[in-house]
Amino acid sequence: MNTIKVLIANSEKEVRDGVADTLSKDENLKIVATAADSKELFALCNEHLPNVLIAHPKLLIAEDIAHLRKKHESLEHGEYYSLNIIAFAEDYSSADIKRLLEMDVVGYLLYDVTEEQTNMLASHVKAVDNLYCIVEPSVLHHMASMIAEKHDGKT
């Protein structure tokens with residue numbers, strides 16, 4: 001298996017360090033950098049070209065993500081390169097989910113998870129790198145409610 005390059009972005013140092021510590025235990029994952037804000041996230045993504053970005057939704061700016069994806073598509077000597085994003089937050093509002101879906105975010109994980117779920121974080125990163133979607137059940141329920149409301153003509 002190829003090494004998956006991971007960049008972690010969160011304004012809270014404890015979260016960045018905790019996620020990095022959890023993922024660094026897996027030999028197939030390489031933490032290439034951590035970022036504390038949107039500007040640093042953008043610069044480090046340009047520099048390190050991670051396969052997977054784990055970021056707090058507030059740090060994800062649609063225009064920056066679109067620019068990174070466009071730039072990355074032309075790299076790697078014609079080979080396909082994708083930037084797969086996992087949003088990692090304490091909670092998601094309907095506005096967050098809508099904005100993240102528009103950015104093609106493929107993973108939605110929560111901070112407040114069990115030890116078992118934390119131990120599965122490396123598996124989630126690998127799944128997202130293989131173009132699978134990972135969604136916490138409570139976030140999926142929220143998404144389903146949004147779809148139902150839209151279908152019923154409420155929004």
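The table that follows gives values for the structure above.
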item: Tabulated pairs, region 122-133, first over 17 Å from Val19 (Cα atoms), second among the small types (Gly, Ala, Ser), C-beta under 9 angstrom, 6+ apart or interchain; result: Leu131/Ser82; Tyr132/Gly107; Cys133/Gly107; Cys133/Ala127
item: Failed item, numbered, when Lys70 is tested on (1) closer than 21 Å to Glu47 by Cα; (2) surrounded by fewer than 16 Cβ atoms within 10 Å (Cβ to Cβ); (3) modelled with pLDDT of 85 or more; result: (3)
item: Wholly within region 3-56, strands (runs of 3 or more DSSP E) carrying at least 2 residues that are in contact (Cβ under 8 Å) with a residue 60 or more places away in the chain; result: 4-9, 52-55
item: Matching residues, region 91-112, being free of Cβ contacts under 8 Å to residues at least 60 places away in the same chain, surrounded by fewer than 21 Cβ atoms within 10 Å (Cβ to Cβ) and over 15 Å from His142 (Cα atoms); result: Glu102, Met103, Asp104, Asp112
item: Residue tally, condition among the aromatic types (Phe, Trp, Tyr), outside any strand (DSSP E or B) and modelled with pLDDT of 80 or more, over region 75-110; result: 1
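The values are calculated or read from the model by the stated rules, or taken from the named source; none is laboratory data. These numbers come from a predicted model, not from an experiment. Cβ: placed from backbone, ideal geometry, glycine included. Neighbour counts: every protein chain shown.
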